[in-house]
Ligand SMILES: Nc1nc2c(ncn2[C@@H]2O[C@H](COP(=O)(O)OP(=O)(O)OP(=O)(O)O)[C@@H](O)[C@H]2O)c(=O)[nH]1
Ligand SMILES: [Mg+2]
């Protein structure tokens, strides 16, 4: 594996977060002692593990600040949608409630009750909410920074965990100022609110607080996108992958990120097919490969928000009929995915021949030398890469049709 370290520095180095150097060594020695049979379950387990890593995000803050609304917005839902967190003008959330992302169950947003109510005075709250079990926190605060906000921030800091400070309801705050003052400059107003939050947190002993201004009604405005980016940057790599795939497709940039994450899975699924493909039973290999191919495409389609349920949710969010979004979804991967998919994929026939070179550059030396993976690996890699390109194009068209804008195009 002498070439492995130089490959690690390539643009595809992130693959090493799927199989570590040690894991590859382990796979190799298992293969040498027990052949394909011994190694297959190890790879399958790894693929399953990818989809089982949980990410627990606690949303906390005083009562009525907009915690449940924030969770709904993160999930691309409005308060009256099925499965949305309950939102009201009275004390609403009375126990920690978990909300799974609609298409990926690994990202769990915990809607906590408000701190500092009669039911939950601060000390009782901090004891009962079991902060240790969460990966990170979002403190929602509105309109003033309070003693309870300080207590939350300090407790999270004490546990050595991170939090982000979110100030919601920016829409109504700006509206009120507009009505009150003859002169109104939105940027100045936003800056005032932001620096008020930062100064308050600094006074509470938080050295470099991260503050985000948002409105649940205008997800594309203010700091909502920046918050998503910062969250994903701060997560360890595997958790980050889960988080990215769970975001609703609100901008073209999100679609691009998802594609990058899914590309790693193409490689992983192809390497799995290489192993299964080496099983010396006629007919078995093809069956396995089609299973991997179909499983991969269905998974990608869901992650990219192109399944029926995701399209319906996005249409509602954009205030457009779902047919308008469905009309821009084209190509062989619409509708039910069956074994016939190989025939429907126009690029299927040339797949095996073309791509030896590009593969050799990043992945094949490792996988190839271990398993002697041949045409099956190449075929699945090429077919899934093509499917991913095609699905990403569709997802981009859907975002454009939903929000009718190119302004978020990362180019
Ligand atoms: N204008 C505006 N109103 C918001 C926003 N976020 C929340 N609200 C309103 O604030 C009120 C309280 O929202 P919730 O999401 O129920 O707040 P909560 O923090 O979950 O409340 P509890 O569960 O009782 O602690 C509701 O009337 C929401 O519609 C926002 O971004 N803009
Ligand atoms: Mg609530």
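Read-outs throughout are calculated quantities, based only on the coordinates presented, and are distinct from any laboratory measurement. Values in this document were obtained by computation on a predicted structure and should not be read as measured data. Heads up, the Cβs are rebuilt from the backbone with ideal geometry, glycines too, and the neighbour counts pull from every protein chain shown.
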Pairwise FRET efficiency - residue 298 versus residue 146, Cβ, R0 = 56 Å, nearest 0.05
0.75
Two-site FRET efficiency, residue 172 against residue 260, from Cβ-Cβ distance with R₀ of 35 Å, rounded to 0.05:
0.45
Return 254, 108 ranked ascending by Cβ neighbour count within 10 Å, so the fewest neighbours appear first.
108, 254
Fewest first, what order do 146, 65 take by the number of other Cβ atoms within 10 Å?
146, 65
Three-way shape label, the range 55-243, alpha-carbon gyration tensor, a/c 1.5:
rounded
Length gained, residue 133-residue 195, 0.36 nm per residue minus C-alpha separation, equals 19.2 nm
Please tell me the relative contact order of the range 55-243 in percent, rounded to the nearest whole number, where contacts are Cα pairs under 8 Å and at least six residues apart.
21
By count of other Cβ within 10 Å, fewest leading, how are 220, 101 ordered?
220, 101
